[in-house]
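Structure first, commentary second.
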Amino acid sequence: MGTSPSSSSSLIRSVDVSCSIYEEVHFFTISLYQYMIQIRDFLADARATNIIVPDRTSEEAHIQFYHIYDRLSTVLQKDSVKLFLRIFEKYTDSLVCGFVITPQTLDLIIAQNALRCAKLVLEGKSPKLWGQRANPNYITSFGYFPLHQAAESFSVDMIELLFRHGASANQRTSGDRIVEGLLPLHVAIENTCQHKYLEDNLLADQNYWKGNVEYIYKLIHLLCLPEMKIFLDTTRLLATRTDDVVDELLNYIKQGKLVPAAILLLAAQRQFRNLNGFDMIKDRIEDHIVALGREGCRVESGKNTKAKKHLKEMKVHLINAVLLVKIILKAGEALDKYIQTHSEASHQEVLGKVSAILQNHEVGPTGKEFCIEDLNCCPYDCGPPNGDTDLTKAAIGSPIPEAAAKKAVAKKPHDSHWYARDQFFPLWRSVLTSQFITKVIPPYAPKKELPQYIRDADDHVPGSSQKKLIDERYSQIRLGMLERSYPRVTSHRKLPCNHQSRRLFGTAASTVLKMLKRV
């Protein structure tokens, strides 16, 4: 039985219509997909370098991220791009939010000093990243930017990598979870002030309080030791990209903070010379001394003794600051050249050479020169130097059998970086984490530095099985060497239980009734 010509033609027409509809739908689907790709690429590019405040990461993404935190941290410790991409493909929703890699992901990468992984996410060129990148100017939920974390890690290579991808050195910390208003430069300087050599030799030095110039010379000799180089290099690099660096130095000087002022002066002295900053600094200091003199004349004798004492101390600090500026102005270039070319020198050699440089530039001390016996230089987790110590030659001033092996190990940038930071900088007292309740404190930390967090087994919220810290308060944190005050805990009062609450309520009620009867 044959098909009529009209039926065949109608069937053909219906097939043609179906094909055309399919082609239109297919074309529309492809166009929509390409349009979505364009939107994704546009948003990814726009959010890759723009300053983003506050953190826009969703709460769900935060929770998912901390579920894979340990696994990701292990991969970043190895700095394996292959393993990182494998985790990224499997847990993309935990690492990406809003077409950009989350700031907490980049923060962990920087904290682990995973340079290869950092370069991978900042460039975003890998096809497995789908055009999504990390933003070096994206604030974290803790209130600081990636460059702050890199400054805390004292990783010059990581800072340079962030700068190459558009990181700004002029972004300040913000929020109630951190000390506000800190530049990355401040983080590097303030944390350098906590270098163990500086604290061990300067905190107990009475010359600081008496205003003696011996304190300034001891400070300069300490800053020229080989173990300080990585900290000065970090400060120098950040200072080159920081606006108004002269004003930042003057702020330290006006507050009487000579240690951070000396760190910034020595590290960035080339920049100050290019900006003609030394003349500006000296003029501003002299103006401030004159202003203090006028203010002192208005204070009547016999009255306001605290105000007069404060003015006297500030004047002494400013006079010492003038000496510090003079020393760096005349001998700064020679000192910086020696620091850069003698990173393996012994302490005895460094002290002798620094004293000679100061004398040659007519800014040296007139009394006794410093010798190795005058300083206490011992890293964390190490006892007095002996044959069994793991210190390098530079740290103790004499060669040891393990020096060659340690030097070979130090060729690895990752290991050398961690050794240089952890041996001398107390990470548990960082300015970025100074207000955090939870701290990771190594076993070798001195007992006096352990936070006095009290956790009582009887303190708990009714109906909750989790123990909590109760009524914890922090004193105001003043940054800088000898000006820092640490978190303190107020007296803890136990929450009353139900029976205690009823008894207190009954006592109060009976007292009120007795008072009403008397009325």
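The values are calculated or read from the model by the stated rules, or taken from the named source; none is laboratory data. Note that the structure is a prediction, hence the values are computed from the model and not measured. We place every Cβ from the backbone using ideal geometry, glycine too, and count neighbours over all the protein chains shown. Areas reflect the complete protein model, heavy atoms only, side chains present, ligands, DNA and RNA absent. Shrake-Rupley method; radii C 1.70, N 1.55, O 1.52, S 1.80 Å.
Taking only protein heavy atoms and a 1.4 Å probe, the accessible area of region 138-230 is 45% carbon and sulfur. Amide H contacts of ILE101: ARG133, ALA134, ASN135, each under 5 Å away and 5 or more positions distant or on a separate chain (H built 1.01 Å from N in the peptide plane; Pro and chain starts excluded). The dipole here belongs to region 80-194: it is taken about the Cα centre, uses +1 on the Cβ of Lys and Arg and -1 on the Cβ of Asp and Glu, and is about 560 debye.
In region 252-275, which residues have a backbone nitrogen under 19 Å from the label point lying 7 Å from HIS310's Cα in the Cα-to-Cβ direction? Taking a point 7 Å out along Cα→Cβ of HIS310, the residues of region 252-275 whose backbone N falls under 19 Å are 252-258. The label-point distance for GLN348 and ALA204, in a model that sets each label 7 Å from Cα toward Cβ, rounds to 2.4 nm.
The modelled label-to-label distance for the pair TYR380/GLN271, using points 7 Å beyond Cα in the direction of Cβ, is 2.6 nm. For LYS254, project a label point 7 Å along Cα to C-beta. Then give me every residue of region 184-209 with its amide nitrogen under 13 Å of that point. Once the point is set 7 Å along Cα→Cβ of LYS254, nothing inside region 184-209 turns out to lie under 13 Å by backbone N. Using alpha-carbon positions, what is the distance between the centroids of region 302-354 and region 105-167, in Å? One Cα centre to the other: 35 Å.
Backbone phi angles across region 213-222, fed through the Karplus curve with coefficients 6.51, -1.76 and 1.60 (θ = phi - 60°), yield HN-Hα couplings of 6, 4, 4, 5, 5, 4, 4, 5, 4, 5 Hz in residue order; Gly and Pro are listed as x. Could you work out what % of the accessible surface of region 274-369 is carbon and sulfur, using a 1.4 angstrom probe and leaving DNA, RNA and ligands out of the count? In region 274-369, the share of accessible area belonging to carbon and sulfur is 50 percent. Going by accessible surface with a 1.4 Å probe and the largest first, LEU329, LEU222 read LEU329, LEU222. Tell me, what is the FRET efficiency for TRP130 and VAL81 to the nearest 0.05, using R0 = 25 angstrom and their Cβ-Cβ distance as r? The calculated FRET efficiency here is 0.95. In the context of the full set of protein chains, region 50-147 has a per residue accessible area of 45 Å² (1.4 Å probe).
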